[in-house]
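I have placed the structure first, in the form of structure tokens, so that the comments after it can refer back to it.
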Amino acid sequence: MRVAVIGTGYVGLVSGACFADFGHTVTCVDKDVSKIERLNRGEIPIFEPGLDALVDKNVKQERLFFTTEAKDAIADAEAVFIAVGTPSRRGDGHADLQYVYAAAEEIATLMNGFTVVVNKSTVPVGTGDEVEAIIRKTNPDADFAVASNPEFLREGAAIKDFMIPDRVVVGVEDERAKAVMDELYRPLFLNETPILFTQRRTSELIKYAANAFLAVKITFINEIADLCESVGANVQEVARGIGLDGRIGRKFLNAGPGYGGSCFPKDTLALTKTANDYGSPIRIVDTVIEVNSARKKAMADKIIAAMGADVSGKTIAVLGLAFKPNTDDMRDAPSLDIIPALTEKGASVRAYDPEAMHEAKELMPDISYCGTPWDAIEGADGLVIITEWHQFRALDMERVKNSLSGNVVVDLRNIYDAEDMEKRGFAYTSIGRPKTGKA
Ligand code: UGA
């Protein structure tokens, strides 16, 4: 099949490369000239494991193309994916749909023959209707159908999530369009991926409901972690104890500093806005949003308490800045709440992240950035782990002990064993785990 993808952001690029790898011919279109030039030179503008090799392979095999010229790409395509950004609108938190609507207008003028216009951008319920109306108005003779096909890609694991998904959701009410979507995803039939065809509005809501549910799950375990700290219980064992119940499930029950990223914060907010607009509030998600943002701020207090209630004049080494491992994405990262709160109280922060320092420097220009974890740790009064990159999971703790001038370690991802850390003489603080008292 011939496919056009509008937008070469995270979702557009990953989807385009993966569809090409399925064997389809894909043209990714973006108005950003320098981005397209970079892509055509083989440079990938985002950090996503495996994406460079996948793009390279499919470009060489002439199934994947990048262009700023939408005309031919759209005219030739049987399916045109809209994969542009839908950021939170300034002021009210609604998803900003201006880029989606602009793409719809452009597609309307360029489409040729029956075309399925597929919304992959995360869009509020009813956006498909709006896109359909825009196309109809712009080009009354167009032969087309609008489908919704939300993405469930996690940054850092996006290619695997696309190639081996738990499910594919397609909201479509037109039989011809259904056949096109079926054909596009046919390569996944081999591994028996469930493909769920629903009405368009249902599909749009599935996306938000899925992200909101995961945000609820994380926030639930985070509050249980706080209770664990108060009563002397262990949140990791609680998570395992409840997660082994198949109705609950073990995944997304890792307590931490609060969720961040480009999806959960934005999508939970947009869902509650839609719900309120329709007079059908989702109070549990309202609460989750509030609890999560308070949690990110509270993490700085936890660190300050661990450092003896005063960080003024102290040096703190921070490992991990991205909102999670395997990405350079800093959007709504907990580090952005935690670090400024520490420096405001007079601490000097020396940070290291394997991929996100470039982004972080723009957002937090006033802290020091180090070339290795050891440069950050050497001589610091305390060490704080904010993001659980693999390379931080097995640090040489003897060396950490000898390098730090103090002995405080705050592990906001529970990647170290509390008893072991205490035995080694660290003043170790983690999330929702009792001190063993065996130091
Ligand atoms: C999320 C969803 O997992 C994807 O399915 C979805 O497609 C994507 O949003 C999207 O809407 O585009 P992503 O934001 O990349 O993916 O990252 P997650 O792995 O879901 O993590 C989100 C946040 O939750 C991170 O800050 C992470 O540290 C935190 N988290 C996750 C926890 O604190 N505990 C957990 O157990 C899991």
Exercise. Grab the other residues whose beta carbon is less than 15 angstrom from that of residue 243, score K and R as +1, D and E as -1, and report the net.
Key: +3
Quiz item: What do you get when you divide the Cα radius of gyration of the stretch 2-198 by 2.2 N^0.38 Å, with N the number of residues?
Solution: 0.96
Quiz item: Between residue 102 and residue 62, how many nm apart are label points set 7 Å from Cα along the C-beta direction?
Solution: 3.4 nm
Quiz prompt | Estimated D of the chain in µm² per second, where Rh is the Kirkwood radius over Cα pairs and Stokes-Einstein applies at 10 °C, 1.306 mPa s | solution = 68 µm²/s
Quiz prompt | DSSP H segments from the chain that extend 27 Å or more along their own axis, Cα-based, with Kyte-Doolittle mean of -0.5 or above | solution = 200-231, 283-306
Quiz item: Using the beta-carbon distance between residue 189 and residue 143 and R0 = 30 Å, what value does 1/(1 + (r/R0)^6) give for FRET efficiency, to the nearest 0.05?
Solution: 0.65
Quiz prompt | Pair residue 90, residue 133: separation of 7 Å Cα→Cβ label points (nm) | solution = 2.6 nm
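Please compute the net charge surrounding residue 262, taking Lys and Arg as +1 and Asp and Glu as -1 over other residues with Cβ under 13 Å from its Cβ.
Residues close to residue 262 contribute a combined charge of -4.
Could you sort the peptides 407-415, 239-247, 80-88, 206-214 by per-residue average Cβ neighbour count (10 Å cutoff), highest mean leading?
Top to bottom by mean Cβ count within 10 Å: 80-88, 407-415, 206-214, 239-247.
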Quiz item: Along the charge dipole of the chain, which of 303, 275, 231 sits closest to the positive end, that is, farthest toward it, with unit charges on the beta carbon of Lys, Arg, Asp and Glu (+1, +1, -1, -1)?
Solution: 231
Quiz item: At what distance in nm do the modelled label points of residue 209 and residue 397 sit from each other, each positioned 7 Å from its Cα along Cα→Cβ?
Solution: 4.4 nm
Quiz item: How do the peptides 126-135, 274-283, 306-315 rank, highest first, by the average count of neighbouring beta carbon atoms within 10 Å per residue?
Solution: 126-135, 306-315, 274-283
Exercise. List nothing, just return the count: lysine pairs in the stretch 2-198, 8 or more apart or interchain, with Cα separation under 18 Å.
Key: 5
Quiz item: Which lysines have a Cα less than 22 Å from the Cα of residue 314, not counting those fewer than 8 places away in the same chain?
Solution: 296, 297, 302, 345, 361, 401
Quiz item: Just going by the charge dipole of the chain, with Lys and Arg at +1 and Asp and Glu at -1 on Cβ, which of 382, 115, 330 is farthest out on the positive end?
Solution: 382
Quiz item: Relative contact order, percent, of the chain when contacts are C-alpha pairs under 8 Å separated by at least 6 residues?
Solution: 12 percent
Quiz prompt | Net dipole in debye of the chain [+1 Lys, Arg Cβ; -1 Asp, Glu Cβ; about Cα centre; nearest 20] | solution = 920 debye
Self-check item: Lys/Arg +1, Asp/Glu -1 at C-beta; the chain dipole; positive extreme among 65, 288, 206
Solution: 288
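A short reminder: the numbers here are calculations on the coordinates, not readings from a lab. This one's a predicted model, so the numbers in the text were calculated from it and none came from an experiment. Every residue, glycine among them, receives a Cβ derived from its backbone with ideal geometry; neighbour counts consider all protein chains shown.
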